[in-house]
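The values are calculated or read from the model by the stated rules, or taken from the named source; none is laboratory data. In this text, all values refer to a predicted model and were calculated from it rather than measured experimentally. Here the Cβ positions follow ideal geometry from the backbone for every residue, glycine too, while neighbour counts run over all protein chains shown. The accessibility values were calculated without ligands, DNA or RNA, using every heavy atom of the protein model including side chains. Shrake-Rupley method; radii C 1.70, N 1.55, O 1.52, S 1.80 Å.
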Amino acid sequence: MARLSREDLETFHERGYVVAEGLLDPVADLDPVIDEYHGVLDSLADELYATGEISERHTELDFNERYMRICEESGRIHSQYFDFMLPKRNVKPDSPLWVGPAIFHMIRNERLLDAVEQFIGPEIYSNPVQHVRMKPPEHRTPVNPQTGKIQVGATPWHQDGGVVNEDADETEMITVWFPLWDAPVEAGCLEVIPYSHLQGLRRHCPSPTGGGPSLHEAVIEHEEAVALPMRRGDVLFMSRYMKHSSLSNHSDSMRWSFDLRYNPTGQPTGREVFPGFVARSRKHPESELRDPRAWAQLWYDARARMAAPDFVDFSYNRWTSDFPGC
């Protein structure tokens with residue numbers, strides 16, 4: 001079992017986060033995910049080439065340079081094409097989504113679940129609030145023509161407990177974040193405010209552009225922020241109340257990471273419209289979902305429901321702007 005030390009657990013409970021260095025095997029655990037995404041990038045290039053959005057498929061380039069070249073030429077980031085969570089609005093029957101087997105096996109990775117079990121117990125549910133984060137260097141990131149701002153930049157300060165609905169306020173959700181490639185400071189690593197989880201959930205302001213909510217400026221202790229550069233194989237575990245953000249990417253390479261959430265089985269996920277699943281159960285192992293095709297179908301079924309004309313829109317944001325400073 002990939003168990004964390006007593007010191008790691010104490011650090012988490014005291015500071016609200018802990019980085020488990022080398023928890024994952026870069027070759028055995030991460031490379032299969034990267035290999036699968038090569039096929040996704042192939043499909044994206046074929047699609048954009050067929051519609052005339054790019055002049056060539058750039059097959060001679062490595063993944064990093066190829067992805068950035070495609071984004072530059074097409075003028076879009078295409079992050080949803082790689083993500084394993086549906087968009088929150090305007091879902092269509094063919095909305096892009098990637099729910100391949102390597103992603104499923106990563107979510108069910110035994111090393112990850114062994115560690116998560118030490119935080120929330122042996123009945124582990126894969127919370128559907130999950131993402132792959134593809135963050136190109138800002139000097140190569142396309143600009144949103146409507147706002148004049150880059151399409152992906154620094155992530156605003158927030159708490160993960162603040163981006164789900166009130167029904168999950170008592171849910172013991174834990175965030176698991178790890179880079180697929182090294183994530184140094186200059187590439188836009190995460191930053192946290194140690195001990196901020198002790199304050200509980202703080203006021204957030206809704207995004208004026210439809211993105212995720214961000215913490216009210218008055219509750220952000222900027223001077224106490226700590227950057228967390230990480231290497232391939234390192235894993236960050238965070239409390240749902242940890243104040244965190246990400247820095248701007250000023251490197252020459254994309255920052256590529258996974259953002260997963262888990263909670264004890266039976267507790268609300270805060271996004272009930274999306275499908276989660278039992279990732280581990282010591283009491284009822286037969287309840288575990290082990291088939292990647294069945295997992296993918298859960299998301300395809302959710303996409304069909306959300307794209308139906310009679311779908312009742314789901315609220316993703318508890319926060320309102322009628323608060324001083326928002």
> When only Cα pairs under 8 Å and 6 or more residues apart are kept, what is the percent relative contact order across region 91-187?
Replying inline: 18 percent
>> Going by average Cβ density within 10 Å per residue, which order do the peptides 68-80, 48-60 take, highest to lowest?
In response: 68-80, 48-60
> Can you give the calculated 222 nm mean residue ellipticity of the chain, where each DSSP H run of n ≥ 4 adds -39,500 (n - 2.57) and the sum is split over every residue, rounded to the nearest 500 deg cm²/dmol?
Replying inline: -7500 deg cm²/dmol
>> Taking the Cα of residue 43, stepping 7 Å toward and past its beta carbon, and measuring to each backbone N in region 65-84: which are under 12 Å?
In response: 81-84
> If you take the beta carbon distance between residue 14 and residue 203 as r and set R0 to 30 Å, what does 1/(1 + (r/R0)^6) give as a FRET efficiency, to the nearest 0.05?
Replying inline: 0.80
>> Just to check I understand the Karplus step: with θ = phi - 60° and J = 6.51 cos²θ - 1.76 cosθ + 1.60, what whole-Hz values come out for region 18-31, glycine and proline as x?
In response: 7, 9, 8, 6, x, 5, 9, 8, x, 7, 6, 9, 8, 4
> Within the chain, how many lysine pairs that are 8 or more places apart, or on different chains, have C-alpha atoms less than 28 Å apart?
Replying inline: 8
> What's the long-distance tail for region 243-326, i.e. % of Cα pairs beyond 15 Å?
Replying inline: 76 percent
>> Give me the net charge for the shell around residue 292: Cβ to Cβ below 13 angstrom, other residues only, Lys and Arg +1, Asp and Glu -1.
In response: 0
> Over region 29-112, what per residue volume does the convex hull of the Cα atoms give, in whole Å³?
Replying inline: 110 Å³
> Tally Lys/Arg at +1 and Asp/Glu at -1 over every other residue whose Cβ is under 12 Å from the Cβ of residue 96; what's the total?
Replying inline: 0
> Quick one: Karplus J couplings for region 57-67, per residue in order, coefficients 6.51, -1.76, 1.60, θ = phi - 60°, nearest Hz, x for Gly and Pro?
Replying inline: 8, 6, 5, 7, 8, 6, 4, 4, 5, 5, 4
>> Given an 8 Å cut-off on Cα distances and at least 6 residues of separation, report the relative contact order of the chain as a percent.
In response: 27 percent
> Thinking of region 80-235 as a set of Cα atoms, what percent of all their pairs are more than 29 Å apart?
Replying inline: 23 percent
>> If N is the number of residues in region 42-161, what value comes out of its Cα radius of gyration divided by 2.2 N^0.38 Å?
In response: 1.27
> To the nearest 20 debye, what charge dipole does the chain have about its Cα centre, counting +1 at the Cβ of each Lys and Arg and -1 at the Cβ of each Asp and Glu?
Replying inline: 560 debye
>> I'd like the accessible area for residue 83, computed on protein heavy atoms only with a 1.4 Å probe and all protein chains in place. Round to 10 Å², please.
In response: 10 Å²
> In nanometres, what is the gap between the two model label sites at residue 185 and residue 224, each 7 Å from Cα along Cα-to-Cβ?
Replying inline: 2.1 nm
> How far apart, in nm, are two points set 7 Å out from the Cα along the Cα-to-Cβ line at residue 95 and at residue 307?
Replying inline: 1.0 nm
>> If amide hydrogens are placed 1.01 Å from N in the peptide plane, which non-local residues have theirs closer than 5 Å to the one on residue 276?
In response: none
> Which value, in Å², gives the accessible area per residue of the chain when a 1.4 Å probe is used on the protein heavy atoms?
Replying inline: 45 Å²
>> Calculate the FRET efficiency for residue 314 and residue 60 from the Cβ-Cβ distance with a Förster distance of 35 Å, rounded to the nearest 0.05.
In response: 0.20
>> Out of the total accessible area of region 19-86 (probe 1.4 Å, heavy atoms of protein only), what percent is carbon and sulfur?
In response: 44 percent
> What Kirkwood radius, in Å to one decimal, follows from the Cα pairs of region 138-191?
Replying inline: 14.3 Å
> In the chain, which cysteines lack any other cysteine Cβ under 4.7 Å from their own?
Replying inline: 71, 189
> Using a basic spin-label model with each label point 7 Å from the Cα along Cα→Cβ, how many nm lie between residue 53 and residue 281?
Replying inline: 4.0 nm
> Quick one: with all protein chains in place, what share of the accessible area of region 254-312 is carbon or sulfur, to the nearest percent (1.4 Å probe)?
Replying inline: 54 percent
> What's the Cα-based Rg to Rh of the chain, Rh via Kirkwood?
Replying inline: 0.94
> In the neighborhood of residue 151, defined by Cβ-to-Cβ distances under 12 Å, what is the net charge if each Lys or Arg adds +1 and each Asp or Glu adds -1?
Replying inline: +2
